[in-house]
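Written out below as structure tokens is the structure these notes cover.
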Amino acid sequence: MTTTTSTQFWELLEAPAANVEAVTDLLRWSMNYDGRSGTPYQIFLDLIGYSDEHFGIQIFKGNPRDVLGYLEISYLAEALEEYATHPQEVSDWIDKLMEADSNA
């Protein structure tokens, strides 16, 4: 396995692989949040079971109404549909992002 750098994290966001575009869009949008009340991307990770499987907890601690407006719900729905169609590809991509972020 290759070590991913901070530069690679941003490259992954700028040029996502096929079948992870909607999840990438959700993550990019979620980067606009300050994180105190959570992000739509954290809700996504909780819903697909990624956070529980990898961290042992749900990572979104806030009230979903505080971070989910119409646009965020649309991004979340598209990401969930993408995950439902390509679960392994999405999970592998999230793993790559997590590795890149931890090496940043």
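The values are calculated or read from the model by the stated rules, or taken from the named source; none is laboratory data. Please read all numbers here as calculations on a predicted model, not as lab measurements. Please note: Cβ atoms are built from the backbone with ideal geometry, for glycine as well, and neighbour counts cover all protein chains shown.
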So, SER74, is that one in a helix (DSSP H, G or I) and under 14 Å from the mean Cα position of the chain (by Cα) or not? no
What pairs come up if the first residue lies in the stretch 6-24 and is within 15 Å of ASP92 (Cα to Cα), the second is aliphatic (A, V, I, L, M) and modelled with pLDDT of 95 or more, and their beta carbons are under 6 Å apart, counting only those six or more places apart or on different chains? VAL20/VAL90; ALA22/ALA79; VAL23/ALA79; VAL23/VAL90
Candidates TYR41, TYR70 - the one that is modelled with pLDDT of 95 or more and crowded, with 18+ Cβ neighbours inside 10 Å: TYR41
List pairs: first residue in the stretch 89-103 and assigned to a helix (DSSP H, G or I), second residue aromatic (Phe, Trp, Tyr) anywhere in the structure, Cβ distance under 7 angstrom, at least six positions apart or on different chains. VAL90/TYR83; SER91/TYR50; ILE94/TYR50; LEU97/PHE9; ALA100/PHE9; ASP101/PHE9
Condition check: assigned to a helix (DSSP H, G or I), loosely packed, with under 14 Cβ neighbours inside 10 Å and of a type in the set (S, T, N, Q). Does GLN8 satisfy that? no
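Anything in the stretch 42-58 that is in contact with a Phe, Trp or Tyr (Cβ under 9 Å, 6 or more places away or on another chain) and free of Cβ contacts under 8 Å to residues at least 24 places away in the same chain? List them, or say none.
Step one: filter the stretch 42-58 for residues in contact with a Phe, Trp or Tyr (Cβ under 9 Å, 6 or more places away or on another chain), giving 42-48, 50-51.
Matches in the stretch 42-58: GLN42, ASP46, SER51.
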Starting from residues that are modelled with pLDDT of 95 or more and not in a loop (DSSP other than H, G, I, E, B), keep the ones in the stretch 11-27 and report whichever is farthest from THR85 (Cα to Cα). LEU27
